[in-house]
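For reference, the structure discussed in these notes is given below.
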Amino acid sequence: MDFDLSQVRAFVAAAEELHFGRAAARLFISQQGLSKRIQRLEHMVGDRLFQRRNNVVDLTDAGRRFLPHARRLLVTADETAADLWPRARPLRIDVWGQVHSPLRIVSRLAAQLPQLIPELSMRRSLSAALDALDHDDLDVAFGRPYDLPRAVPSGLALHPVYLDRLAVVMSARHDHADIAVLTPEDLRRTGLWWPLANGPEEVVGFLGRYAAQFAIPYTTDGLNLGVEHLLDTLRTHPTRVGLIGTEWPLSSTDGIRTVEVRPVPRFLWWVAWRNDAHHPQVARFVRLLNETGRREGWLDYHPDRDWLPDPDRTGLLDWSTAESA
């Protein structure tokens, strides 16, 4: 069989995401383009690799058998490229998700570092990215290293990078839509909803800690199918209230209200990389992250008006103390 690596890469991304939209975004191609690549691959191997039931994507038996071989093909191809063209190998960076701050951060730094050639992925889970880092399938990853199902491997370095501001989001028809600023006491009456039935543990843990801190009832029913799906659900359920990053790019806010909440919930992004990183751009990239973050106050935290989960706050303060020592 004459494998097309772009088709194999599309298959692996879809197999890991189990969602064609997220897989396409991870590869920076259209969902139609991803589907066509997978269809051509299925035609070549002579079997279906995916099955869809009730809008849920899963691997077929043939897909599960092919997945480890497909991963090995990509590893071999990447290793060959690195050996033949070591200077040209991209810096493999997982930016977590399409609307989140790491993607915007990497875009900005790439403009400041012309020799940086990033190859981006979106695993939407630091746990998955840590596995890839540990196996040298990634160079750098972003995420929240708390409430994970596993410990961070000892060979990885972690560094706090950016504090995201969160706000409450709701339908414009919600009873609280005209209030300028909400408090945790208000949220005890409204409750919180975030579709995290298939969500990453680091985000589920963050929401659970926030709700527990202020005794806010919350639910996580529904699949996480992206921010636009979240907003569409809020439009049709005017009693629901969610959380959203204030810097998330939204295609439309029609019928939606975003309201500040105090204290301001802050989501702390960390960057992770291997201590024995082989790529020459890793150290330069992390150094530029530090310099830009210090200059622009990315980690400015005010305990009198901001809220962080206990482990995040402790981690940030410990790192700040070590930096100033």
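The values are calculated or read from the model by the stated rules, or taken from the named source; none is laboratory data. Keep in mind that what you see is a predicted model, and the values were worked out from it rather than measured. Cβ placement follows ideal geometry from the backbone for every residue including glycine, while neighbour counts extend to all protein chains displayed.
A few comments on the model shown:
- Sole exception among (1) of a type outside the set (A, V, I, L, M); (2) outside the structural domain of Arg165 (by TED's automatic domain parsing); (3) crowded, with 19+ Cβ neighbours inside 10 Å for Asp47, by number: (3)
- Residue-level check: of (1) in contact with a Leu (Cβ under 7 Å, 6 or more places away or on another chain); (2) crowded, with 22+ Cβ neighbours inside 10 Å, Leu109 misses just (2).
- The range 131-147, residues that are at pLDDT 95 or above and at negative phi: Val140, Ala141, Phe142, Arg144, Pro145, Tyr146
- Failed item in (1) under 19 Å from Pro311 (Cβ atoms); (2) assigned by TED's automatic domain parsing to the domain that holds Ile38, with Pro145 passing the rest: (2)
- Scan of the range 128-146 for residues that are crowded, with 20+ Cβ neighbours inside 10 Å and not hydroxyl-bearing (Ser, Thr, Tyr), ordered by number: Ala129, Leu130, Leu133, Leu138, Asp139, Val140, Ala141, Phe142, Gly143, Arg144, Pro145
To keep it simple, each residue is scored yes or no on (1) assigned to a strand (DSSP E or B); (2) under 21 Å from Glu17 (Cα atoms); (3) polar (S, T, N, Q).
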| site | (1), (2), (3) |
| --- | --- |
| Ala77 | no, no, no |
| Trp96 | no, yes, no |
| Gln115 | no, no, yes |
| Leu120 | yes, yes, no |
| Leu133 | no, yes, no |
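- Listed conditions (1) more than 22 Å from Val227 (Cα to Cα); (2) in a helix (DSSP H, G or I); (3) touching a residue at least 60 places away in the same chain (Cβ under 8 Å) are all met by Ala110, apart from (3).
- Qualifying residue in the range 27-42 (condition: at pLDDT 85 or above and of a type in the set (Phe, Trp, Tyr)): no
- Just so you know, in the range 64-95 the residues that are modelled with pLDDT of 85 or more, of a type outside the set (A, V, I, L, M, F, W, C) and closer than 24 Å to Leu126 by Cβ include one that is nearest to the chain's Cα centre (by Cα), and it is Asp94.
- Residues satisfying the stated conditions in the range 176-210, i.e. touching a residue at least 40 places away in the same chain (Cβ under 8 Å), outside any helix (DSSP H, G or I) and hydrophobic (A, V, I, L, M, F, W, C): Ala177, Ile179, Ala180, Val181, Leu182, Leu192, Trp193, Trp194
- Taking the criterion of being aromatic (Phe, Trp, Tyr) and not in a helix (DSSP H, G or I), the residues of the range 278-325 that qualify are Trp298, Tyr301, Trp307.
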